[in-house]
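Here is the structure we will look at, set down as structure tokens.
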Amino acid sequence: MAALIPQFKQVLGRCHSLVLNNSGQRSTWTSYMLRKQYYASEGTASKRFTSQQKKKKGDKTKAEKAVNDTGKSNPYGLISSKPVDDVYVTRFYPKPIYDVATAVDLLKRYQQLDFTDHNQAVYLDLKLDMNLEKKKKVEPFVSTVCLPYPFKAEKNKVLMFTENTEEAKVAEKHGAVFVGGSELIEKILEDEIQADFYVAVPEMLPKLLPLKNKLRKKFPKSKRGSVGRDIPKMIEHFKNSHEYMVERECYVFSQIATLDMPQEQIIANMSSVIKDVFSHKPASTDSSLERAFMCSATSESLWIKLEYFLSPTQTVASAAAQ
């Protein structure tokens, strides 16, 4: 029996080592499985988070696309193409597009219902397509147009730059408020005299350079017709002209009439401004007008149809843009 004790200890030692090795392997295997399950759960959570983010982004994109779409029977994001009652929440329906004459009548009707000023201003709000071929654009511009039915009681003040005595007499005869040469520069810089428009003969331009920063867009330019030899024509044009400009790259917002004017006169003034806008883009290109709205000083904006102002070719192009 005593002889077997060493062998028994040896067997126990081997068994003990086997138990330790197996437990170590089992521990290693368990930690491996736990890590695998952890990373799998993390991956699932990450995928779930990513899918939720994509879903939110998709919902946002769909919401942004929910614009006025009058071409569909039921535009996306809107209840219906037309309301069935005369009382409804406007944001749930496409914005109606009116004929020009109908829009003017509605503005007059709004004024009567709201008991507002009957001779309040009427405004034209245009969005222009300034794009040209080869990624070029029409530069924002300032323009003047003689309205067929002026809505201002007073004439514009015109200042004439000339140092010729005969030209000065002609300018004064045709209604120039201020006439002079280099002596007027200091007075303008000191704000002693001001005018609505400044015109000049060509030889005066080099002497007027100190006024360039002061007058800015009103500085005489041949492109705008404020530099020339035909003094009576220049003065008459700017005395009766209406000025508008392109702002924020592609928008024109300008008064065109007063609400107490007859419908035909309001439409005629609007047509004159729009035709002048067309003149600033090459005739070979599509219509420069994308959308047109009109409103009064106290009313909402009304979306008006463009067909009245466009040629057949321009009408097709503008309809495609809308």
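So, with +1 on the Cβ of K and R and -1 on the Cβ of D and E, and no other charges, what is the size of the charge dipole of region 189-255 about its Cα centre, to the nearest 20 debye? Please report the intermediate quantities before stating the final value.
Numbers: 13 positive and 10 negative charges, 62 e Å.
I would put it at about 300 debye.
Which FRET efficiency value, to the nearest 0.05, do you get for S279 and D105 by plugging their Cβ-Cβ distance into 1/(1 + (r/R0)^6) with R0 = 45 Å?
Numbers: r = 29 Å, r/R0 = 0.65.
E between S279 and D105, to the nearest 0.05, is 0.95.
Over all Cα pairs of region 89-156, how is the pair count split among 10 Å bins, expressed in % and running from 0 up to the last occupied bin?
That works out to 12, 28, 33, 22, 5, 0, in percent per bin.
I'd like the distance separating the alpha-carbon centroids of region 251-272 and region 179-229, in whole Å.
30 Å
Go through L132, G175, I188 and say which Cα lies farthest out towards the positive end of the charge dipole of region 128-194; charges sit on Cβ, +1 for Lys and Arg, -1 for Asp and Glu.
In region 128-194, that residue is L132.
How would you classify region 152-235 from its alpha-carbon gyration tensor, with a ≥ b ≥ c the square roots of the eigenvalues: rounded for a/c under 1.5, else prolate if a/b is greater than b/c, otherwise oblate? Walk me through the numbers on the way to the answer.
Working: a/c = 1.30, a/b = 1.13, b/c = 1.15.
Taking the square roots of the gyration eigenvalues as a ≥ b ≥ c, region 152-235 is rounded.
Just to confirm my numbers, what's the Cα centroid distance between region 89-113 and region 120-139 in Å?
After rounding, the separation between the Cα centres reads 23 Å.
Apply 1/(1 + (r/R0)^6) to the Cβ-Cβ distance of N213 and Q120, taking R0 = 35 Å, and write down the FRET efficiency to the nearest 0.05. Write down the numbers at each step before the final one.
Working: r = 36 Å, r/R0 = 1.03.
After rounding, the FRET efficiency stands at 0.45.
Using the Cα gyration tensor of region 194-246, with a ≥ b ≥ c the square roots of its eigenvalues, what is the shape: rounded (a/c below 1.5), prolate (a/b larger than b/c) or oblate (neither)?
On the way: a/c = 1.85, a/b = 1.13, b/c = 1.64.
Oblate shape, in that a/c is at least 1.5 and b/c is the bigger or equal ratio.
Along the charge dipole of region 94-211, which of P150, Q111, L209 sits closest to the positive end, that is, farthest toward it, with unit charges on the beta carbon of Lys, Arg, Asp and Glu (+1, +1, -1, -1)?
Checked the options; the winner is Q111.
Each value in this text was obtained by applying a stated rule to the coordinates, not by laboratory testing. Computed from a prediction, not measured in an experiment: that's the story for all the values here. Here Cβ is always computed from backbone atoms with ideal geometry, including for glycine, and neighbour counts include all displayed protein chains.
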